[in-house]
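The values are calculated or read from the model by the stated rules, or taken from the named source; none is laboratory data. Every value quoted in this text rests on a predicted model; they were computed, and no experiment measured them. A quick note on method: Cβ atoms are made from the backbone with ideal geometry, for glycine too, and the neighbour counts reach across all protein chains shown. Heavy atoms of the whole protein, side chains included, go into the accessibility calculation; ligands, DNA and RNA do not. Shrake-Rupley method; radii C 1.70, N 1.55, O 1.52, S 1.80 Å.
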Amino acid sequence: MHSDNGRTLYSRADLQEVHQLSESTLQNLWSDRENNGHPDAEIIGGVMHWDDADWSLWYQEHQRQRAAAVTKNPPDLAGDPEEEVGPAGAARICGYADTSTVSHNVKNPPEGWPAPSSYDLLPSGRQRPKWKRWELWRYVADRKGRGHAGGRPKGRRGLAYPYQGDERLTLARQALKENPGATNAELITQLQGKTERTYSRPVWNLILKSAREHPED
């Protein structure tokens with residue numbers, strides 16, 4: 001770990017420990033950076049490092065997009081990635097018709113099902129589990145039986161292209177029309193002030209890439 005003017009910079013080994021990801025997963029994410037928008041690395045002492053704040057925002061958005069690409073039912077993929085949701089919210093995120101599948105997953109966790117991040121104590125004395133949105137997005141993207149995670153959706157499942165139906169894609173398309181010769185760096189500066197929540201530059205790069213490739217629905 002390296003600190004620089006209030007920023008926390010993590011090496012790949014640090015990311016592996018802090019975010020509980022395997023070395024091969026991190027390597028694959030970096031190798032596919034041209035397609036997934038992985039943040040650029042900073043070289044410190046001959047070792048690649050990443051700003052953890054930027055990397056975490058990018059990784060959460062990456063899971064949301066992967067989940068959107070493989071979810072059969074209309075999923076709930078909006079909201080703060082760090083927000084915790086109960087069984088009803090988890091069911092909506094996963095595309096389940098009701099909470100029965102969530103209850104089953106709690107008792108008999110399928111591969112990749114995240115452990116609750118906290119619990120609510122109910123008047124009855126029972127504990128209601130809660131999960132962070134982005135952890136459920138990751139589960140949806142990786143779960144078995146719903147197509148290849150992160151791949152092209154089959155038929156009418158998922159999205160026809162990245163960020164389809166996302167209001168940020170609409171903003172990006174509008175910005176491109178109004179500034180046809182502008183670079184992504186110039187456009188991102190404008191776009192970051194048009195949303196209530198701040199999204200990282202790698203995320204906006206992905207959105208602009210989709211907007212350039214799909215200027216219309």
Problem set entry | Percentage relative contact order, the chain, counting C-alpha pairs under 8 Å, at least six apart | 20 percent
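Which order do the peptides 136-143, 103-110 come out in when sorted by mean C-beta neighbours inside 10 angstrom, highest first? Before the final figure, lay out each step's value.
Numbers: 136-143: 21.9, 103-110: 12.8.
In decreasing order of mean packing, 136-143, 103-110 become 136-143, 103-110.
Sorting check: for 86-92, 199-205, which peptide has the highest mean count of neighbouring beta carbons within 10 Å, and how do the rest follow?
Working: 86-92: 19.4, 199-205: 21.0.
Top to bottom by mean Cβ count within 10 Å: 199-205, 86-92.
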For this session: Please give every one of the aspartates and glutamates within straight-line cross-link reach of Lys107, meaning a C-alpha to C-alpha distance under 15 Å, and leave out same-chain neighbours fewer than 8 residues apart.
Result: none
Exercise. Per residue, how much accessible area does segment 10-100 have with a 1.4 Å probe, in Å²?
Worked result: 48 Å²
For this session: Report, in deg cm²/dmol and to the nearest 500, the calculated mean residue ellipticity at 222 nm for the chain, where each DSSP H run with n ≥ 4 adds -39500 (n - 2.57) and the sum is divided by the residue count.
Result: -13000 deg cm²/dmol
Exercise. How large is the convex hull of the Cα atoms of the chain per residue, expressed in Å³ as a whole number?
Worked result: 154 Å³
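For segment 73-127, which whole-number percentage of the solvent-accessible area (1.4 Å probe, protein heavy atoms only) is attributable to carbon and sulfur atoms?
Working: 1720 of 3330 Å².
C and S atoms contribute 52 percent here.
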Exercise. Can you list the HN-Hα couplings for segment 38-50, worked out from phi with the Karplus curve (6.51, -1.76, 1.60; θ = phi - 60°), rounded to whole Hz and with x for Gly and Pro?
Worked result: 3, x, 5, 9, 10, 8, 10, x, x, 10, 5, 9, 9
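What order do Asp98, Asp166 take when sorted by accessible area (1.4 Å probe), most exposed first? Intermediate values should be presented prior to the final figure.
Details: Asp98 80, Asp166 25 Å².
Largest to smallest exposure gives the sequence Asp98, Asp166.
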